[in-house]
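Notes follow the structure.
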Amino acid sequence: MSEQDAGAADNAAAEETTTPSMDETMAAAFDRLESSERDEGTKGTNTEGAGIGDTEGTDADNGAGKDSTDQTASNQAPGAETPTDAPNSWSAEDKAIFAKAPPEIQSAILKREAERDNLLTTKTQEIANERRTYEGIKSVVAPIEAAARKNNLTADVAIQQMFDRHLDIAQNGIEGLKRVAAIYGLTLTGGAPETEYTDPETAALRSELQSVKSTVTNWQQQQAQQREAAVNSEIDSVRLEKAKDGSLVRPHFDALFDDMIPLAQAIRTKNPSWTPSKVATEAYERASRANPEVWGKLEAERIAKEKAATEKAAKEAAALALKSAGNNTRGSTAHPGSRASGKSMDETMSKVYDRMSAA
């Protein structure tokens, strides 16, 4: 069978079935190898014979006119080797050409023939051994091949998968068994599908990643708590700030706190560089003016404070004037028992109070 015939046979088999059987695959391989070896030997013989034929044609063109065999014999040097016979498998024409070749060429041809025959014999024996080996496992491979086709696999792939899973179980024990069970969606007890297998290294990496995430989350929470504590501390300083007399500078802070929150957010957005205490102070001032009840209280408190301050100043001025008037009365007496020429105390106090009220 030639290479073309073998190729045609392979193509025909491929048209009949998508996946050839193991027996068909082995037979096709054997035919291709045998055909290749036969063609190689034929090509070598024809090439060497063609060279000799060309030489014979050249002798005829030169007008030698003598028998080629006689001419070859006459050209041999004294003591030259006697020509040997061509292989029995050759045709008569090939043998005649071989007989005309010089002994050294004949030896080379015979050596090449022997090498080819030996190689062909070796390969043929190897294929025969392979066939005998395959015949021994053919009955075992047949059901595997049928199952593999149902799963769109070739027999060699199916067998390789089976062997790999066997090695996994043999080398890794229960872990390998779990992996194989997971592939088929089974538990080792035959119940519902087992939880998906997780590689130990993957599990360790996940655990480490979770630990890192937890650490980062805790750090972020601590930072947020510290920032919140700092902000609260500054806000408290504004809420608890006291005047010189010990009273709160912002007595309505708690009552206005809910109103201050949106104001503080707006102020913070517009003035991102402001400190929390400055933002709280500004928010309190705006909330105070926006709340009528609180604003009324603040105005009443302001008027009361101003009135108290005015009265205090008047008393202090009156006391000072009284003291000054007493000194002047004593110094202006001209005669004992005479009436003082200065103004009375009531008049002096009245004028001082009027000036203070006008101011």
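Within 10 Å, count the other beta carbons around each residue, average over each peptide in 303-310, 262-269, and list them highest first.
Numbers: 303-310: 10.9, 262-269: 14.9.
Taking the mean over residues of other Cβ atoms within 10 Å, the ranking is 262-269, 303-310.
What distance in nm separates the simple spin-label points at Gln125 and Lys312, each placed 7 Å from Cα in the Cβ direction?
Label at Gln125, label at Lys312, 13.0 nm between them.
If each residue of separation counts as 0.36 nm, what is the full-extension length gain between Met162 and Ala290 once their alpha-carbon separation is subtracted? Mind dumping the intermediate values first?
Values: separation 128, 0.36 × 128 = 46.08 nm, distance 8.28 nm.
Answer, rounded to one decimal: 37.8 nm.
Per residue of the range 306-311, what does 6.51 cos²θ - 1.76 cosθ + 1.60 with θ = phi - 60° give for ³J(HN,Hα)? Whole Hz please, x for Gly and Pro, Karplus curve as stated.
Here the 3J(HN,Hα) series is 5, 5, 4, 5, 5, 5 Hz.
Could you give each residue of the range 122-134 its phi-based ³J(HN,Hα) in whole Hz, using Karplus coefficients 6.51, -1.76, 1.60 with θ = phi - 60°, and x for Gly or Pro?
With the stated coefficients, the range 122-134 comes to 5, 4, 4, 5, 4, 5, 4, 5, 4, 5, 5, 5, 5 Hz.
So, counting K/R as plus one and D/E as minus one, what does the shell of residues with Cβ under 14 Å around Arg227 add up to? Walk me through the intermediate numbers first.
Numbers: positive: Arg268; negative: Glu228, Glu234.
Cβ neighbours under 14 Å give a net charge of -1.
Find how much the distance from Ala147 to Leu188 grows on full extension, using 0.36 nm per residue of separation minus their present alpha carbon separation; answer in nm with one decimal.
Details: separation 41, 0.36 × 41 = 14.76 nm, distance 2.35 nm.
The span from Ala147 to Leu188 would gain 12.4 nm if fully extended.
Is the range 213-290 rounded, prolate or oblate when judged by the Cα gyration tensor, a ≥ b ≥ c being the square roots of its eigenvalues, rounded requiring a/c under 1.5 and prolate requiring a/b larger than b/c?
On the way: a/c = 2.72, a/b = 1.79, b/c = 1.52.
Because a/c hits 1.5 or more and a/b exceeds b/c, the range 213-290 counts as prolate.
Please compute the volume of the convex hull spanned by the alpha-carbon atoms of the range 145-275 and report it per residue in Å³. Each step should come with its number before you reach the end.
Numbers: hull volume 37.3 nm³, N = 131.
Cα convex hull per residue, to the nearest whole number: 284 Å³.
With only Lys, Arg, Asp and Glu charged, each at its Cβ (+1 for the first two, -1 for the last two), find how big the charge dipole of the range 213-290 is about the Cα centre; round to the nearest 20 debye.
On the way: 11 positive and 10 negative charges, 52 e Å.
That gives a dipole near 240 debye.
Does the range 144-194 classify as rounded, prolate or oblate by the C-alpha gyration tensor (a ≥ b ≥ c root eigenvalues; a/c under 1.5 gives rounded; else a/b over b/c gives prolate, otherwise oblate)?
On the way: a/c = 3.57, a/b = 1.50, b/c = 2.38.
Oblate, since a/c reaches 1.5 and b/c is not below a/b.
Each reported figure results from applying straightforward, stated rules to the coordinates on display, with no laboratory input. No experiment lies behind these values; they were computed from the predicted model shown. Positions of Cβ are generated from backbone atoms using ideal geometry, with glycine treated the same way; all protein chains shown enter the neighbour counts.
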